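Let me begin by presenting the structure, written as structure tokens, before commenting on it.
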Amino acid sequence: MKVLQVGLSFNPGGIESFVMTYYRELSKQGVRFDFVSMFSHLAYEEEIKSLGGKVFHTCDARKHPLKFSRQMRKILRIGRYDAVHVNMLSAANIVPLIVASYGKVPTVIAHSHNSSTPGVVRNLLHRINRPLIPMFATKYFACSELAGEWLFSKKIRKSNNYHLIHNALDLKKFAFSLSEREEIRHELGVEGKFVLGHVGRFEEQKNHEFLLEIFREVASACEEAILLLVGEGELQEMIQKKAEEYGIEDRIRFLGIRKDVAELWKGMDIFVFPSLFEGLPIVALEAQASGIRSVMADTITAEVKIVNKVKFLSLQDSPKEWSRVILSYKGEDRSEEENSGIRQAFAKAGYDIESAAQTLLSYYE
């Protein structure tokens, strides 16, 4: 089976992690994913090629829709795909769905990975295009009920062609290890520290400004507190300047894009995630899979809670209140004995990649 994946970027974020986790599993069964990239480089591009997939670089469909359409039509003619899987944050750009539909691909999938979008123009396009999706897609995926409501009508969500696709994980990769924890903490120079962590692109959605306000309160109350920020983005420079203004820049590590996030989780003590909106964030699942305590905004769907180590707080609560809750977990230990229970909880909820990949494969067929 050959599937063309659309909607990934150069940034190894949630969508990219989702697709690659499934591809690693499905490639063992002879399934091939090819990718359309509207960027000069695609996240995981080298690994994609090592698994047998191809990456086609095109122009940006939002800026040059006609040129993109010609390029994608050519890809479809040559590839003869069984399915085109369009990963979407909103309905602002439905050009790939239109091209796949007119290209007579047997299965055209619109997959919702988000629950809102910033920007007046993008929201306007979303409202205009959302009712048009069923004209071109044959199947509808969502990572959560909230994400499904964002992109699809009630009629679609009640149809047999609508499916929740779990952001499943390779749980072995995230299992807690005390030796790996000590190793990564030594590498980062945070032995003996109370380590808060956040993984996410520096953009409005992730709410880094509020995160800094929270950490300023934590840092003032706890001398051992350190904040690890994993990711890059357009707001990074502004956040770095804000950290300097607050006088906490020496307590924050800007780690950039990392390929060892699974190991970083093991070195953290608390995952702090005050996002303005999410579909169903993979990083929140990864944190739980590693056994880490998580403090998240209640804007995030409760579906994300798999184990009993998640605390939801309102973004209306003060940074001081967030700090109080975070500090209440200081000193908690993790153990390797917890791994078995975590694996069972994830498998029961449908987030184990081995079984989830089989479900996705059945929907492609």
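Tabulated results
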item	result
Check on S116, out of contact with any helix residue (DSSP H, G or I) (no Cβ under 6 Å at 6 or more places or on another chain) and at pLDDT below 95	yes
Any chance V3 is of a type in the set (V, I, T) and closer than 18 Å to L360 by Cα	yes
Residues satisfying the stated conditions in the range 93-113, i.e. surrounded by fewer than 24 Cβ atoms within 10 Å (Cβ to Cβ) and of a type outside the set (A, V, I, L, M, F, W, C)	N93, S101, Y102, G103, K104, P106, T107
Residue selected from the range 298-334 under the condition among the polar types (S, T, N, Q) and open to solvent by less than 60 Å² (accessible area, probe 1.4 Å), by the criterion nearest to S177 (Cα to Cα)	S323
Sole residue being among the polar types (S, T, N, Q) and modelled with pLDDT of 95 or more, chosen from N87, N11	N87
Which listed residue is in contact (Cβ under 8 Å) with a residue 24 or more places away in the chain, open to solvent by 10 Å² or more (accessible area, probe 1.4 Å) and closer than 18 Å to F346 by Cβ, from R251, R258, R293, R216	R293
Count of the range 190-213 residues which are more than 19 Å from G13 (Cα to Cα), touching a helix residue (DSSP H, G or I) at 6+ places or on another chain (Cβ under 6 Å) and either touching a residue at least 24 places away in the same chain (Cβ under 8 Å) or among the aromatic types (F, W, Y) (or both)	2
Which numbered condition Y364 misses (of (1) closer than 22 Å to V190 by Cα; (2) in contact (Cβ under 8 Å) with a residue 24 or more places away in the chain)	(1)
Looking only at the range 299-337, and only at residues there that are β-branched (V, I, T) and under 20 Å from the mean Cα position of the chain (by Cα), the one that is nearest to G350 (Cα to Cα)	I306
From the options L51, L66, L89, L125, residue that is open to solvent by 40 Å² or more (accessible area, probe 1.4 Å), among the aliphatic types (A, V, I, L, M) and without any contact (Cβ under 8 Å) to a residue 24 or more places away in the chain	L66
Yes/no for R80 being basic (K, R), under 17 Å from I282 (Cβ atoms) and touching a residue at least 40 places away in the same chain (Cβ under 8 Å)	no
From the options K266, K242, residue that is surrounded by 16 or more Cβ atoms within 10 Å (Cβ to Cβ) and in contact with a Gly (Cβ under 9 Å, 6 or more places away or on another chain)	K266
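The values are calculated or read from the model by the stated rules, or taken from the named source; none is laboratory data. Because the structure is a prediction, the values reported are computed rather than measured. Positions of Cβ are backbone-derived with ideal geometry, glycine not excepted, and every protein chain shown enters the neighbour counts. Just the protein is used for accessible areas: all its heavy atoms, side chains included, with ligands, DNA and RNA removed. Shrake-Rupley method; radii C 1.70, N 1.55, O 1.52, S 1.80 Å.
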